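Here is the structure we will look at, set down as C-alpha cells.
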C-alpha cells in the first residue's frame, strides 16, 4: 500500500484516479502533476517506486498563506484572524471557520453575578494552593 501525504492510495487503481483522492488535486490538474513527476497516467499505484511517490502540495499551500501574511495583504489578515478569505459573508454564516457561537452582552444581572462569584471563588482557590 502506498501512503502519500497521510492518505493510503488504493493499489489496484490507476495513478491518475488515485491522485484525485488527495487534497487539492482534481481531474483538472492530475495531468500536470503526472507530467511534472514524469509518471505515466496508465500506471497502477503498486507499480510506482518510492521516488515517484514524493510530494509537497500542503507545504506549497502553507508557504503561500505564510507569504500572504508576511506582505500584509487583506487575504493574509483574514487568514490570521481565522475568518473566510474569499469574500463570504460572516454575519450569518462561517460557523466552521469562526467556531462555536459566543453570546456577548445578553446576560441578566443575576446570571452575571453568578459568573463573577464563580470567578472570584476560583481565584481564592488558586491563591491558597
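The values are calculated or read from the model by the stated rules, or taken from the named source; none is laboratory data. Computed from a prediction, not measured in an experiment: that's the story for all the values here. Glycine gets a Cβ as well: all are built from the backbone with ideal geometry, and neighbour counts include every protein chain shown.
Do the conditions hold for residue 75, that is, is it surrounded by 10 or more Cβ atoms within 10 Å (Cβ to Cβ) and either at pLDDT 80 or above or more than 30 Å from residue 87 (Cα to Cα) (or both)? Here the answer is yes, as residue 75 does meet what is asked. For the stretch 33-45, the criterion of a residue being touching a helix residue (DSSP H, G or I) at 6+ places or on another chain (Cβ under 8 Å), closer than 27 Å to residue 79 by Cβ and at pLDDT 85 or above is satisfied by no position. Applying the condition of being closer than 14 Å to residue 41 by Cα and touching a residue at least 24 places away in the same chain (Cβ under 8 Å) to the stretch 12-24 and asking which residue is surrounded by the fewest Cβ atoms within 10 Å (Cβ to Cβ) yields 12.
Taken as a whole, the condition of being part of a loop (DSSP other than H, G, I, E, B) and modelled with pLDDT under 85 applies to residue 104.
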